Structures are given as structure tokens and as C-alpha cells.
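*Asks:* Input: one structure, supplied below.
The values are calculated or read from the model by the stated rules, or taken from the named source; none is laboratory data. This one's a predicted model, so the numbers in the text were calculated from it and none came from an experiment. When we count neighbours, we look across all protein chains shown, and the Cβ atoms used for this are built from the backbone with ideal geometry, even at glycine.
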Amino acid sequence: MEYEDCKLLVRMGVPRDRVHKAVIVSENLYHFDLFPKIGDKYHEFNEFLCYKIAEVEVDGEMILLVYHGVSGTAASPILRELLEMGVKIVIRCGKCGSYNPCLVNNGDIYICYAAIRDDTVSLAEIDAKYPAVADYDVIDCLVDTAEQLGFTTKMGINYSTDLFYRRVCIDDPRDKYTLNNIADTEDNETSTVFVLSSLYGAKAGAVLTVDGSPLFWGNGGYAFGEESVEKGIEKTMVIGLKAASVLVKRFCHN
């Protein structure tokens, strides 16, 4: 794919030479105001459809910031363009639901190293035999960065699905995953991010803030906007940006 074929990047006015080696991808548009506080030289490009892109300098490295809306379906077009243009580090910084609401608090942070592929986008890319796993170097760096910042994190496997609310039919796989401790968190994008990045040879990882439990979405279990969640998301963004800068220095200046 040539730059001129990247319809979203061109439409949003992101020049070819501003496609940096690392990108933070998120479904959280309303947290873009955090980025100027974390880094320097913050600059926003144009918005288009459900997408917004900005850039910021963190510890001497320029990082792209991408809002892509909710779902792997929304995330995949812009992520593919970025990977085609040479992005090598992809960190998903977003929110997730917890499958252990009795043990996990809203605002807690998970570093996810793998995802169960129950979304349609990653399955459209390649069959289910292909694993949705993070890159070890990214996970290692996220863990180290969180420890250096003094932030407590958990490690876990994520379940990615196209659905937000629980199914109304019987045999919802989430019941089995919860009862058998197969997965720790749930979201809509991580498996797509892991699979696409891996297919393009890029290093990917995910750091997510718990905003409730999907087991109770339908009756008040969604903690969107709670102070604890807001603080968790701010920590998540700091971890992701700091780690991205380290990874660029480590792997992209050869």
C-alpha cells in the first residue's frame, strides 16, 4: 500500500513523515486532553468519521495517538494503514470489564498478554488457529514501566468480542470463561490489535483499565465516568506512552 492509498491518513492530513514508529491506539476520545500533560509538542491532525489522530513527544520520542471508536471493526482500517506505513510498536491503552468483580476493583489496571478471539475482524483476517498474543518485549516493558512509576498492575488474558451487552441466549461462552477462570478481562478490540500487528511483524501489547464487569452491564455494572476509573485511565495512558518511548529507543533506531 502506498501512502496515497491510505485514505484515512490522507483525509486527516497526517503527512507521510509524521507517521511515527510507535502508536497508542484507544477507544477513549475524551481522554485526549491528558496527552499534552504527559508529553511535549502535542499536535492534533484533522478528525474524520470516528477517527482522530494526534502526536506528542515523550522522553525525546514522537508517538502517534489514535482514537478509533469502539470495536475491532472500527480499529482495523486505521491500524492497517499505520502498519502499512511502517509503524512497529502498537500499544492499546483503553478500558475493559473484569470477570472477577469480587477480587478486582474499578480503576485497577491489567496488562494483557493474550486474547481469546471471539470477534469477527481478526477471524476475517486469519482463521482461529492463529493466536492473538502480545509481543514479549512490549509486555516486559509495560510491566517495568508501571513498576518504575509506582503503579500496581495485574497480568491477564483478555476475551475480545463484538458484543458489549451479554447475549440473551443460553450457553454464553463468557459464563464458562468466568466459572473456569479462563479469561480475566473483556473488551472489543484487543484481539484485532494483536492479530493485525503480528501479521505485519509489529510489536503489540495492551494495558487496560477496569470499568466494571460485563457480567452486570445490563443492571448498573458499568462504571464509566467513576473517579477511580478516570484515575486508572490516566495511569494507563502514562504507562503506555512511557513504554512506547522506551521501545522506540530500543528497537527502532538501528
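*Asks:* Which residue is farthest from Ala243 (Cα to Cα), if the candidates are limited to the stretch 1-30 and must be crowded, with 19+ Cβ neighbours inside 10 Å and out of contact with any helix residue (DSSP H, G or I) (no Cβ under 6 Å at 6 or more places or on another chain)?
*Replies:* Restricting to residues being crowded, with 19+ Cβ neighbours inside 10 Å and out of contact with any helix residue (DSSP H, G or I) (no Cβ under 6 Å at 6 or more places or on another chain), the top hit is Met12.
*Asks:* Against the definition (farther than 21 Å from Lys129 by Cβ, at pLDDT 80 or above and surrounded by 21 or more Cβ atoms within 10 Å (Cβ to Cβ)), how does Ala206 come out, yes or no? Give the derivation first.
*Replies:* Numbers: farther than 21 Å from Lys129 by Cβ: yes; at pLDDT 80 or above: yes; surrounded by 21 or more Cβ atoms within 10 Å (Cβ to Cβ): yes.
For Ala206, the condition - farther than 21 Å from Lys129 by Cβ, at pLDDT 80 or above and surrounded by 21 or more Cβ atoms within 10 Å (Cβ to Cβ) - is met.
*Asks:* Do we find that Ile157 is out of contact with any helix residue (DSSP H, G or I) (no Cβ under 8 Å at 6 or more places or on another chain) and at pLDDT 95 or above in this structure?
*Replies:* Yes: the conditions hold for Ile157.
*Asks:* Need the failing condition index for Phe151 against (1) touching a residue at least 24 places away in the same chain (Cβ under 8 Å); (2) in a helix (DSSP H, G or I); (3) surrounded by 15 or more Cβ atoms within 10 Å (Cβ to Cβ); (4) of a type in the set (A, V, I, L, M, F, W, C), just the number.
*Replies:* Result: Phe151 passes all but (2).
*Asks:* What are the residues in the stretch 205-239 that are over 30 Å from Gly60 (Cβ atoms) and assigned to a helix (DSSP H, G or I), if any?
*Replies:* Hits for the stretch 205-239 are Pro214, Leu215, Phe216, Trp217, Gly218, Asn219, Glu227, Ser228, Val229.
*Asks:* Continuing with this model, one more query. On the basis of being touching a strand residue (DSSP E or B) at 6+ places or on another chain (Cβ under 8 Å) and either outside any strand (DSSP E or B) or aliphatic (A, V, I, L, M) (or both), does Lys242 make the cut?
*Replies:* Numbers: touching a strand residue (DSSP E or B) at 6+ places or on another chain (Cβ under 8 Å): yes; either outside any strand (DSSP E or B) or aliphatic (A, V, I, L, M) (or both): yes.
Yes: the conditions hold for Lys242.
*Asks:* Of everything in the stretch 87-105 that's modelled with pLDDT of 95 or more and either of a type in the set (Ser, Thr, Tyr) or part of a loop (DSSP other than H, G, I, E, B) (or both), which residue is surrounded by the most Cβ atoms within 10 Å (Cβ to Cβ)?
*Replies:* Restricting to residues being modelled with pLDDT of 95 or more and either of a type in the set (Ser, Thr, Tyr) or part of a loop (DSSP other than H, G, I, E, B) (or both), the top hit is Val87.
*Asks:* Can you say whether Asp137 is within 25 Å of Gly201 (Cβ to Cβ), in contact with a helix residue (DSSP H, G or I) (Cβ under 6 Å, 6 or more places away or on another chain), surrounded by fewer than 18 Cβ atoms within 10 Å (Cβ to Cβ) and at pLDDT 95 or above, as far as the supplied structure shows?
*Replies:* Considered against the rule, which asks whether it is within 25 Å of Gly201 (Cβ to Cβ), in contact with a helix residue (DSSP H, G or I) (Cβ under 6 Å, 6 or more places away or on another chain), surrounded by fewer than 18 Cβ atoms within 10 Å (Cβ to Cβ) and at pLDDT 95 or above, Asp137 comes out as no.
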